[in-house]
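This report refers to the structure that appears directly beneath it.
Rule-based calculations on the coordinates, nothing more; no lab input. Here the structure is a predicted model, which is why all the values come from computation and not from measurement. So basically every Cβ, Gly included, is an ideal-geometry build from the backbone, and we count neighbours across all protein chains shown.
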Amino acid sequence: MEPRMNVFENKVTASFARRLITAEKAVADSGLPAATHELVKIRVSQINGCSFCVDMHTKDAAHAGETPTRINLVAAWREATVFTEPERAALELAEAATRLADGGGVNDETWQRVRKHYDDEQIGGLTAAIAAINTWNRLNAIAHTPAGSYEPGQF
């Protein structure tokens, strides 16, 4: 795949990306577990077909100590036994929020499962994380940002 543009070299998209990176610091300060945040970024990126983000976040997760088994099973988390109940609730919310155009939306049962495991600040962080990775996915998909060369800590 040939890139249409370099998101970090275009004046406008580079400015937007810097602001998005800054906004994501709120997620880090929310108390949402870092492992949950990475799992959500991987799953949303898989759903959206953003190869650059899948490459980045699987490598970042591995670099942070996530196991290959868990990384490989994110796409099939419902049938896997390696995720905690809080992680499963976060992945369920991430899928529902990412697939809004499919007509389902976030139902009350999903929301209650999330409320059971996370406090208000963590839910705010989870919501912001889902919104941010969906934005990154769309930015990179439009730009045709190629995957495969990302190194952990590159950005």
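Data table
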| quantity | calculated |
| --- | --- |
| Exposure proxy ranking, count of Cβ atoms within 10 Å, fewest first, for MET1, MET56 | MET1, MET56 |
| Per residue convex hull volume, Cα atoms of the chain, in Å³ | 116 Å³ |
| Simple Cβ-charge dipole of the chain, Lys/Arg +1 and Asp/Glu -1, about Cα centre, in debye nearest 20 | 360 debye |
| Sum of -39500 (n - 2.57) over DSSP H runs of 4+, divided by residues of the chain (222 nm, nearest 500) | -21000 deg cm²/dmol |
| Mean separation of Cα contacts under 8 Å, 6 or more apart, over the residue count of the chain: relative contact order % | 42 percent |
| Burial ordering of LYS11, LYS41, fewest other beta-carbon atoms within 10 Å first | LYS11, LYS41 |
| Packing-based exposure ordering (other Cβ within 10 Å, fewest first) of TRP77, TRP136, TRP111 | TRP111, TRP77, TRP136 |
| Helix runs (DSSP H) in the chain reaching 24 Å along axis by Cα, Kyte-Doolittle at least 0.0 | 11-28, 120-143 |
| Proximal aspartates and glutamates relative to LYS59, as straight alpha-carbon distance under 17 Å, when same-chain residues fewer than 8 apart are discounted | GLU38, GLU151 |
| Normalised contact order of the stretch 1-84, rounded percent, pairs of Cα under 8 Å and 6 or more residues apart | 19 percent |
| Longest DSSP-loop-exposure-free segment, GluC sites (Glu not before Pro), the chain, at most 10 other Cβ within 10 Å | 80-155 |
